[in-house]
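Encoded as structure tokens, the structure appears first; notes follow it.
The values are calculated or read from the model by the stated rules, or taken from the named source; none is laboratory data. None of the values given here were measured: they were computed from a predicted structure. As a convention, Cβ positions derive from the backbone with ideal geometry for all residues, glycine included, and neighbour counts pool all protein chains shown. Quick note on the areas: whole protein, heavy atoms, side chains included, nothing else; ligands and nucleic acids left out. Shrake-Rupley method; radii C 1.70, N 1.55, O 1.52, S 1.80 Å.
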Amino acid sequence: MRATIALIPLLLLAACGDDATVEKKNASTAEVAKSVADAGMKLKPGRWELTMKVAKLEVEGMPPEAKQAMQQMMGQSQTFASCLTQEQVDKPDGGFFGQQGEDCRYDSFTMGDGKIDATMTCKSAGGQAGAAAKMKMAGTYSDSTYDMTMNMDGTAPNGKTMSVAMSMNSKHMGACKGDEAS
């Protein structure tokens with residue numbers, strides 16, 4: 001789940017030009033960040049509010065009471081606010097596009113014409129030995145909104161399988177207020 005949350009900044013991406021497209025295969029998060037910056041794709045700086053809803057969360061061997069609590073939580077949305085500075089917009093780094101390092105790589109990343117489609121594999125989810133995850137993201141974006149679905153299937157360090165499906169919607173809300181997450 002930590003790898004999923006780490007990808008949220010990626011989903012704030014909005015292209016300024018309609019004709020810019022980025023396509024990468026077997027690329028690190030830093031390579032994707034550089035390609036997006038080189039293509040002239042930029043974020044809209046300021047406050048972004050993200051609403052996330054978990055549609056599915058299954059963990060092999062989860063106790064029944066924990067599963068029931070998760071199902072109750074899944075019916076609810078969670079909203080987060082983040083502030084993107086002009087400097088972050090102008091020079092996105094690899095961390096902006098997901099977990100940094102060689103443990104996570106984009107199998108494929110395509111962004112352009114208002115659509116995004118990406119698949120990422122993490123050999124060590126959350127930096128823990130034995131863990132692995134594959135994430136698929138697809139959605140639409142503009143310079144002030146995006147709608148995205150994300151599916152993650154993986155293996156926890158204890159060898160148990162897990163599967164997560166969620167939707168994320170975000171919109172630019174103007175200037176930062178100072179109460180946003182970093």
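Numbers below:
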{"read-out": "All positions within region 72-103 that are of a type in the set (Phe, Trp, Tyr), more than 17 Å from Asn26 (Cα to Cα) and at pLDDT below 85", "value": "Phe96"}
{"read-out": "Within region 72-87, considering residues that are surrounded by 11 or more Cβ atoms within 10 Å (Cβ to Cβ) and without any contact (Cβ under 8 Å) to a residue 24 or more places away in the chain, the one nearest to Gly154 (Cα to Cα)", "value": "Met74"}
{"read-out": "Options Thr21, Thr4, Thr29: the member that is open to solvent by less than 60 Å² (accessible area, probe 1.4 Å) and at pLDDT 50 or above", "value": "Thr29"}
{"read-out": "Check on Met162, touching a residue at least 60 places away in the same chain (Cβ under 8 Å), buried (at least 17 other Cβ atoms within 10 Å of the Cβ) and farther than 22 Å from Asp113 by Cβ", "value": "yes"}
{"read-out": "Any hit, region 110-119, residues being of a type in the set (Gly, Ala, Ser), part of a strand (DSSP E or B) and either at pLDDT 80 or above or open to solvent by 80 Å² or more (accessible area, probe 1.4 Å) (or both)", "value": "yes"}
{"read-out": "Gly178 being at pLDDT 90 or above and in a loop (DSSP other than H, G, I, E, B)", "value": "yes"}
{"read-out": "Which listed residue, of Ala129, Ala69, is in a helix (DSSP H, G or I), surrounded by fewer than 16 Cβ atoms within 10 Å (Cβ to Cβ) and modelled with pLDDT under 90", "value": "Ala69"}
{"read-out": "Criterion violated by Tyr106 - all others in (1) under 16 Å from Glu31 (Cα atoms); (2) at pLDDT below 80; (3) buried (at least 16 other Cβ atoms within 10 Å of the Cβ) satisfied", "value": "(2)"}
